[in-house]
Amino acid sequence: MEWLNYHHLLYFYTVASEGTIAKASETLRLAQPTISGQLRVLEDRLGEKLFQRKGRRLVLTEVG
């Protein structure tokens, strides 16, 4: 595996805990596009989807 940015893991954990990118952005005090972009980079590096939408919430996939 390539080099992994630990901020990606923090963003992943926060979104998984909060359930939405909006709540995670408030907790982390970052803009929503920043978090969603970093999650996309993490998913691209891992080659797997980590979240799936269920209504307005994000839930973990089996890989996530």
Can you find, within the range 1-43, the residue that is most open to solvent (accessible area, probe 1.4 Å) among those that are out of contact with any helix residue (DSSP H, G or I) (no Cβ under 7 Å at 6 or more places or on another chain) and farther than 18 Å from Gly64 by Cβ? Arg29
Could you check the chain for helices (runs of 4 or more DSSP H) lying wholly inside it with 1 or more residues that are among the basic types (Lys, Arg) and in contact (Cβ under 8 Å) with a residue 40 or more places away in the chain? 32-46
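The values are calculated or read from the model by the stated rules, or taken from the named source; none is laboratory data. Treat the numbers as computed from the prediction; the structure is a model and nothing was measured. When we count neighbours, we look across all protein chains shown, and the Cβ atoms used for this are built from the backbone with ideal geometry, even at glycine. In case anyone asks, the SASA skips ligands and DNA or RNA and just uses the protein heavy atoms, side chains included. Shrake-Rupley method; radii C 1.70, N 1.55, O 1.52, S 1.80 Å.
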